[in-house]
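Structure first, commentary second.
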Amino acid sequence: MTDPTVLTELTALALQAGFVDGLTDFLGPSNLASVVVEGLAKSAIYVMIASGLTLIFGLMGVLNFAHGSLTMIGAYLAGVVMVVLVGNATGQWTRMAFFFGALVVVFIALAFLGGVMEIGLIRELYTRPPIYQILLTFGLTLVLEETVRIVVQFYGLQPISEWQGALGTKPAFMATEHSLGPLSVRGLAAFEILLGLATVAAIWAFLTRTRYGLYIRAGSEDAEMAEALGIDVRRVFTVVFALGAGIAGVAGALLMWDPVWGASVPLAAETLLPAFVVVIIGGLGTFRGTVAGALVVGMADATTTWWFQNVFITWTWLPEMAVFLILVGMLVVKPQGLYGVEEVGGH
Amino acid sequence: MTLLELHGVETYYGESHVLEGVTLSVEEGEVVALVGRNGVGKTTTLRSILQLTPPREGSVTYRGEELVGLGTHEVADRGVGWIPEDRRIFSQLSVAENVRVSVPDGRDTEAALTMAYDTFPVLDERRDQEAGTLSGGQQQMLSLARGLVGENALLLVDEPSEGLAPQIVADVADALNDAAKETTLLLVEQNLPLALDLADRFYVLDKGRVVDDGDTAEVSADDERLRRFLSA
């Protein structure tokens with residue numbers, strides 16, 4: 001009969017050997033670069049789904065639970081535009097041009113929807129306790145999801161497998177892998193990184209280089225003082241809510257092409273949760289924090305995914321658990337997040 | 001010409017009745033001091049003018065136009081500026097951005113920055129610094145500069161000397177004296193010698209009511225007439 005102590009030591013040795021082997025593999029230039037690229041691609045998606053949420057919370061103190069629904073509507077709308085417009089167009093540059101056209105359509109439509117939501121519903125609740133805004137936006141989520149569900153079922157866009165037709169509108173270079181020296185990069189991952197960078201740069205430039213951006217940053221800190229300086233903070237609220245909704249839609253358009261996400265009604269909840277994780281880790285209400293939070297979550301997700309797929313066991317939910325462990329750790333050690341302040345919200 | 005007039009202003013915070021029929025007026029070109037003990041409603045009077053805490057009754061007219069019912073930004077657009085008690089600079093913006101955000105649309109921002117830096121040279125040295133990292137005195141200078149570059153016809157100045165070192169108080173007094181040459185000031189100030197030195201007229205508030213008023217030339221800081229309302 002085997003001595004239990006020996007068995008434990010053997011198991012420990014095996015695990016240690018497995019870990020050392022895994023670490024050696026992980027640190028190999030090809031694997032490490034691949035994890036970094038995948039991490040950046042995930043970060044790009046996270047920053048896009050979380051930016052609108054953080055802009056809205058930073059200025060208005062409103063936790064918009066309907067944010068994921070706006071992303072989901074953006075995904076469907078972009079898919080519809082692509083399926084309708086692309087038709088028989090086969091040239092990949094034509095498809096790219098249509099995609100950017102779809103981005104503009106989605107941004108304008110979602111910004112309009114966001115503006116209507118702010119003026120018609122949320123504005124009435126600024127003087128009420130935050131629970132009213134949470135309940136309202138949560139209720140909106142249910143209404144928007146059910147509305148979309150009815151529409152997609154009526155037009156036969158579900159089940160999801162049928163809807164994947166929109167994925168077929170992707171240009172060929174995104175559907176294949178490309179070699180850069182020893183590194184193999186998915187075309188879609190490279191596109192996601194570029195679009196994420198462009199979105200961050202555009203938001204950053206808007207906030208720091210325009211007069212309206214200055215109003216937003218001032219209003220985020222002290223809405224009353226900004227108002228006393230002649231800034232129409234209510235109008236700024238509407239613009240920011242519209243902007244946040246538009247960015248959520250643009251994120252949805254990007255996800256429409258990603259087979260991991262796709263366009264589906266559950267996308268609303270699937271994107272809302274990581275968006276909250278990112279903004280909490282980065283610090284609620286700070287755009288800089290959201291970018292940092294997205295990088296942390298994206299890299300952690302890619303790293304743990306690699307480890308669980310290549311070294312440990314393949315359970316898809318394990319990398320997700322690692323991300324939530326980071327969230328728990330952040331809430332214990334620094335509840336205000338990486339760049340957050342103790343109190344945010346302009347009113 | 002009467003620039004600002006409050007008549008029977010009644011203001012509440014929730015159920016708390018803070019201003020009980022405040023009536024006062026400010027003529028164009030004047031410096032008027034609003035004095036009184038802590039908690040008698042001086043800051044609330046300024047907030048009522050700005051419609052930050054709108055009165056439930058009474059009227060606030062500026063150049064003959066009723067302000068009650070307007071938004072605060074609309075009051076500011078008409079030329080009423082505010083230098084608040086606790087400075088309330090935008091701590092995450094740079095010094096220059098704090099000044100820029102105060103310049104009304106369509107006005108020359110560079111000229112406003114030059115004016116702010118001429119008035120307070122230390123702000124020029126720290127123009128790119130985050131405002132939250134300035135010392136208390138420098139933050140007060142920035143708050144004043146923000147009010148001065150707004151090209152306001154009426155400036156509501158709340159406790160500008162509070163918590164400042166004597167040398168800084170002198171600088172602040174100089175800046176307000178200069179501002180008074182071009183702007184009408186309604187000044188809330190606990191530092192009575194400073195208030196009387198700057199102001200042409202004064203109002204004394206007590207328990208939410210105006211209980212005395214007059215020309216500052218008629219009184220001194222230790223005058224019995226003022227002391228009975230100002231001593232704790």
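The values are calculated or read from the model by the stated rules, or taken from the named source; none is laboratory data. Because the structure is a prediction, the values reported are computed rather than measured. Here the Cβ is made from the backbone with ideal geometry for all residues, glycine too, and neighbour counts use every protein chain on show.
In this structure, does residue B:89 turn out to be closer than 18 Å to residue A:218 by Cβ, within 13 Å of chain A (Cβ to nearest Cβ), in contact (Cβ under 8 Å) with a residue 12 or more places away in the chain and in contact with a Pro (Cβ under 8 Å, 6 or more places away or on another chain)? No; evaluated as a whole, the condition is false for this residue. If you filter the stretch A:72-96 down to residues that are under 23 Å from the mean Cα position of the chain (by Cα) and more than 20 Å from residue A:272 (Cβ to Cβ), you find that the one that is surrounded by the fewest Cβ atoms within 10 Å (Cβ to Cβ) is A:96. You will find that of B:81, B:36, B:106, B:69, the residue that is more than 22 Å from residue B:132 (Cα to Cα) and either crowded, with 16+ Cβ neighbours inside 10 Å or touching a strand residue (DSSP E or B) at 6+ places or on another chain (Cβ under 9 Å) (or both) is B:36 and no other.
Across the stretch B:161-193, what is the total count of residues that are over 13 Å from the mean Cα position of the chain (by Cα) and either among the charged types (D, E, K, R) or under 20 Å from residue B:45 (Cα atoms) (or both)? Residues meeting the conditions: 7.
Okay, residues lined up against (1) modelled with pLDDT of 90 or more; (2) within 26 Å of residue A:121 (Cβ to Cβ); (3) of a type in the set (A, V, I, L, M, F, W, C); (4) not in a loop (DSSP other than H, G, I, E, B):
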position: A:240; (1), (2), (3), (4): yes, yes, yes, yes
position: A:247; (1), (2), (3), (4): yes, yes, yes, yes
position: A:259; (1), (2), (3), (4): no, no, no, no
position: A:265; (1), (2), (3), (4): no, yes, yes, no
position: A:270; (1), (2), (3), (4): no, yes, no, yes
position: A:275; (1), (2), (3), (4): no, yes, yes, yes
position: A:285; (1), (2), (3), (4): no, yes, no, no
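Looking across B:25, B:16, one residue alone is more than 14 Å from chain A (Cβ to nearest Cβ), of a type outside the set (Phe, Trp, Tyr) and surrounded by fewer than 16 Cβ atoms within 10 Å (Cβ to Cβ). It is B:16. Scanning the stretch B:134-170 for residues being outside any loop (DSSP other than H, G, I, E, B) and either closer than 17 Å to residue B:85 by Cα or within 14 Å of chain A (Cβ to nearest Cβ) (or both) gives a total of 20. Against the conditions (1) within 14 Å of chain B (Cβ to nearest Cβ); (2) without any contact (Cβ under 8 Å) to a residue 60 or more places away in the chain, residue A:202 satisfies every one except (1).
Could you tell me whether residue B:8 is touching a residue at least 60 places away in the same chain (Cβ under 8 Å) and small (Gly, Ala, Ser)? Spelling it out, it is not the case that residue B:8 is touching a residue at least 60 places away in the same chain (Cβ under 8 Å) and small (Gly, Ala, Ser). With the structure loaded, tell me whether residue A:46 is assigned to a helix (DSSP H, G or I), among the aromatic types (Phe, Trp, Tyr) and closer than 30 Å to residue A:24 by Cα or whether it fails that test. For residue A:46, the condition - assigned to a helix (DSSP H, G or I), among the aromatic types (Phe, Trp, Tyr) and closer than 30 Å to residue A:24 by Cα - is met. With respect to the conditions (1) within 14 Å of another protein chain (Cβ to nearest Cβ); (2) hydrophobic (A, V, I, L, M, F, W, C); (3) buried (at least 24 other Cβ atoms within 10 Å of the Cβ), residue A:250 falls short on a single one, namely (1). Residue count for the stretch B:118-133, restricted to those that are under 22 Å from residue B:92 (Cα atoms) and in a helix (DSSP H, G or I): 8.
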